[in-house]
Amino acid sequence: MSGEVVDLLDVTVDVPSRYLLLAALAAAAVRIVTGLLKALQAAAGEGAAGYVRALPGHFLRALGGVGPRAAGGAGADGPDYLAPLVLGVVELLAYPVLMVASSWTTIGMWLILKTAVSFRRLAGDPHAAGRFLIENGLILILSYWMLTRYVSILPLDEGEFLPALARSGR
(Lines give C-alpha, C1' and ligand atoms only; values in the text may rest on other atoms or scores of the structure.)
Protein backbone atom coordinates (compact mmCIF):
# COMPACT_ATOMS: atom_id res chain seq x y z
CA MET A 1 0.00 0.00 0.00
CA SER A 2 2.98 2.31 0.14
CA GLY A 3 2.43 3.66 -3.39
CA GLU A 4 -1.35 3.85 -3.24
CA VAL A 5 -3.06 7.17 -3.98
CA VAL A 6 -6.73 8.06 -3.44
CA ASP A 7 -8.32 10.62 -5.80
CA LEU A 8 -11.11 12.74 -4.26
CA LEU A 9 -12.31 16.21 -5.33
CA ASP A 10 -9.25 16.59 -7.62
CA VAL A 11 -7.14 16.03 -4.50
CA THR A 12 -4.75 13.15 -3.87
CA VAL A 13 -4.11 11.47 -0.55
CA ASP A 14 -0.77 9.69 -0.55
CA VAL A 15 -0.55 6.41 1.37
CA PRO A 16 -4.15 6.31 2.67
CA SER A 17 -3.42 3.66 5.30
CA ARG A 18 -0.73 5.84 6.88
CA TYR A 19 -3.05 8.87 6.58
CA LEU A 20 -5.81 6.99 8.44
CA LEU A 21 -3.40 5.79 11.14
CA LEU A 22 -2.02 9.30 11.60
CA ALA A 23 -5.57 10.71 11.91
CA ALA A 24 -6.41 8.13 14.58
CA LEU A 25 -3.20 8.84 16.53
CA ALA A 26 -3.68 12.61 16.28
CA ALA A 27 -7.30 12.30 17.50
CA ALA A 28 -6.07 10.17 20.41
CA ALA A 29 -3.49 12.84 21.27
CA VAL A 30 -6.23 15.49 21.30
CA ARG A 31 -8.32 13.17 23.49
CA ILE A 32 -5.41 12.88 25.95
CA VAL A 33 -5.02 16.68 26.13
CA THR A 34 -8.73 17.32 26.68
CA GLY A 35 -8.96 14.37 29.10
CA LEU A 36 -6.11 15.82 31.14
CA LEU A 37 -7.81 19.22 31.23
CA LYS A 38 -11.08 17.60 32.30
CA ALA A 39 -9.29 15.56 34.98
CA LEU A 40 -7.49 18.64 36.33
CA GLN A 41 -10.82 20.42 36.70
CA ALA A 42 -12.46 17.42 38.39
CA ALA A 43 -9.53 16.79 40.75
CA ALA A 44 -9.52 20.44 41.80
CA GLY A 45 -12.82 19.75 43.56
CA GLU A 46 -11.15 17.12 45.76
CA GLY A 47 -9.28 19.68 47.85
CA ALA A 48 -5.54 20.12 48.25
CA ALA A 49 -4.97 16.87 50.14
CA GLY A 50 -6.79 14.59 47.67
CA TYR A 51 -5.82 16.38 44.46
CA VAL A 52 -2.79 14.29 43.48
CA ARG A 53 -4.39 11.04 44.63
CA ALA A 54 -7.64 11.70 42.70
CA LEU A 55 -6.05 12.95 39.45
CA PRO A 56 -5.20 9.55 37.86
CA GLY A 57 -8.69 8.18 38.42
CA HIS A 58 -10.34 11.26 36.93
CA PHE A 59 -7.95 11.15 33.99
CA LEU A 60 -8.69 7.48 33.22
CA ARG A 61 -12.44 8.10 33.45
CA ALA A 62 -12.13 11.10 31.12
CA LEU A 63 -10.09 9.07 28.61
CA GLY A 64 -12.58 6.22 28.78
CA GLY A 65 -15.45 8.54 27.95
CA VAL A 66 -17.35 8.15 31.20
CA GLY A 67 -16.53 11.62 32.52
CA PRO A 68 -15.33 12.67 35.94
CA ARG A 69 -17.44 11.67 38.90
CA ALA A 70 -19.30 14.42 40.67
CA ALA A 71 -21.36 14.12 43.81
CA GLY A 72 -24.33 12.84 41.82
CA GLY A 73 -22.49 10.23 39.73
CA ALA A 74 -21.49 11.32 36.22
CA GLY A 75 -19.59 14.57 35.72
CA ALA A 76 -21.00 17.85 34.51
CA ASP A 77 -20.26 16.86 30.94
CA GLY A 78 -21.71 13.40 31.45
CA PRO A 79 -20.50 10.35 29.58
CA ASP A 80 -19.50 10.85 25.95
CA TYR A 81 -18.89 7.17 25.06
CA LEU A 82 -15.83 8.16 22.95
CA ALA A 83 -17.99 10.00 20.36
CA PRO A 84 -15.61 13.01 20.32
CA LEU A 85 -12.71 10.68 19.54
CA VAL A 86 -14.51 9.18 16.54
CA LEU A 87 -15.60 12.65 15.42
CA GLY A 88 -12.01 13.85 15.74
CA VAL A 89 -10.79 11.06 13.45
CA VAL A 90 -13.44 11.94 10.88
CA GLU A 91 -12.53 15.63 11.06
CA LEU A 92 -8.82 14.87 10.74
CA LEU A 93 -9.55 12.80 7.64
CA ALA A 94 -11.85 15.39 6.06
CA TYR A 95 -10.34 18.76 6.96
CA PRO A 96 -7.03 18.40 5.06
CA VAL A 97 -8.89 17.39 1.88
CA LEU A 98 -11.34 20.27 2.32
CA MET A 99 -8.49 22.70 3.03
CA VAL A 100 -6.53 21.84 -0.10
CA ALA A 101 -9.77 21.94 -2.14
CA SER A 102 -10.35 25.49 -0.76
CA SER A 103 -13.65 24.45 0.79
CA TRP A 104 -13.25 26.72 3.82
CA THR A 105 -16.97 27.44 3.94
CA THR A 106 -17.69 23.76 4.58
CA ILE A 107 -15.24 23.68 7.47
CA GLY A 108 -16.66 26.92 8.89
CA MET A 109 -20.24 25.70 8.64
CA TRP A 110 -19.31 22.42 10.36
CA LEU A 111 -17.70 24.34 13.24
CA ILE A 112 -20.79 26.58 13.51
CA LEU A 113 -23.03 23.49 13.60
CA LYS A 114 -20.88 21.85 16.31
CA THR A 115 -20.99 25.03 18.37
CA ALA A 116 -24.75 25.43 17.95
CA VAL A 117 -25.41 21.85 19.06
CA SER A 118 -23.18 22.28 22.13
CA PHE A 119 -24.14 25.86 22.96
CA ARG A 120 -26.37 25.17 25.96
CA ARG A 121 -23.76 22.96 27.63
CA LEU A 122 -20.90 25.32 26.77
CA ALA A 123 -22.71 28.44 27.96
CA GLY A 124 -23.20 26.94 31.41
CA ASP A 125 -19.63 25.71 31.90
CA PRO A 126 -16.69 27.95 31.01
CA HIS A 127 -14.24 25.05 31.52
CA ALA A 128 -16.11 22.92 28.97
CA ALA A 129 -16.18 25.88 26.57
CA GLY A 130 -12.42 26.28 26.92
CA ARG A 131 -11.83 22.57 26.28
CA PHE A 132 -14.13 22.77 23.24
CA LEU A 133 -12.09 25.64 21.78
CA ILE A 134 -8.76 23.93 22.55
CA GLU A 135 -9.98 20.68 21.01
CA ASN A 136 -11.16 22.34 17.80
CA GLY A 137 -8.01 24.45 17.57
CA LEU A 138 -5.79 21.39 17.93
CA ILE A 139 -7.82 19.51 15.31
CA LEU A 140 -7.41 22.40 12.83
CA ILE A 141 -3.66 22.70 13.51
CA LEU A 142 -3.13 18.95 13.17
CA SER A 143 -5.25 18.92 10.00
CA TYR A 144 -3.03 21.54 8.44
CA TRP A 145 0.04 19.57 9.48
CA MET A 146 -1.42 16.43 7.86
CA LEU A 147 -2.24 18.44 4.74
CA THR A 148 1.40 19.42 4.31
CA ARG A 149 2.49 15.78 4.44
CA TYR A 150 -0.18 13.68 2.73
CA VAL A 151 -2.59 15.77 0.66
CA SER A 152 -2.04 17.59 -2.65
CA ILE A 153 -3.95 18.86 -5.67
CA LEU A 154 -3.96 16.58 -8.69
CA PRO A 155 -1.77 17.82 -11.56
CA LEU A 156 -3.71 19.30 -14.46
CA ASP A 157 -3.75 17.74 -17.90
CA GLU A 158 -2.27 19.75 -20.73
CA GLY A 159 -4.69 22.45 -21.86
CA GLU A 160 -6.59 22.55 -18.56
CA PHE A 161 -6.46 25.54 -16.29
CA LEU A 162 -7.71 26.54 -12.89
CA PRO A 163 -10.65 28.95 -13.31
CA ALA A 164 -9.56 31.01 -10.31
CA LEU A 165 -6.12 31.56 -11.82
CA ALA A 166 -7.63 32.39 -15.21
CA ARG A 167 -9.89 35.04 -13.69
CA SER A 168 -7.04 36.62 -11.75
CA GLY A 169 -4.96 37.05 -14.92
CA ARG A 170 -1.94 35.01 -13.75
Query raised in the report: Scanning for something at pLDDT below 85 and over 22 Å from the mean Cα position of the chain (by Cα), does region 13-26 turn up at least one residue?
Result: no
Report summary line: Pairs returned, first residue in region 108-135 that is at negative phi, second residue that is part of a loop (DSSP other than H, G, I, E, B) and of a type in the set (A, V, I, L, M), beta-carbon separation under 6 angstrom, 6 or more apart or interchain, are Asp125/Ala76
Report summary line: By residue number, the members of region 100-131 that are closer than 18 Å to Ala27 by Cβ and surrounded by fewer than 19 Cβ atoms within 10 Å (Cβ to Cβ) are Ile107, Trp110, Leu111, Lys114, Ser118
Report summary line: Among residues of region 36-67 being in contact with a helix residue (DSSP H, G or I) (Cβ under 7 Å, 6 or more places away or on another chain) and outside any helix (DSSP H, G or I), the residue surrounded by the most Cβ atoms within 10 Å (Cβ to Cβ) is Gly67
Requested in this report: State the number of residues belonging to region 132-150 that are more than 22 Å from Arg18 (Cα to Cα) and surrounded by 13 or more Cβ atoms within 10 Å (Cβ to Cβ).
Outcome: 4
Requested in this report: Go through (1) within 19 Å of the chain's Cα centre (by Cα); (2) surrounded by 15 or more Cβ atoms within 10 Å (Cβ to Cβ); (3) at pLDDT 85 or above; (4) under 26 Å from Arg120 (Cα atoms) one by one and return the number of the condition Val33 breaks.
Outcome: (2)
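The values are calculated or read from the model by the stated rules, or taken from the named source; none is laboratory data. None of these values were measured; they are calculated from a predicted model. Positions of Cβ are generated from backbone atoms using ideal geometry, with glycine treated the same way; all protein chains shown enter the neighbour counts.
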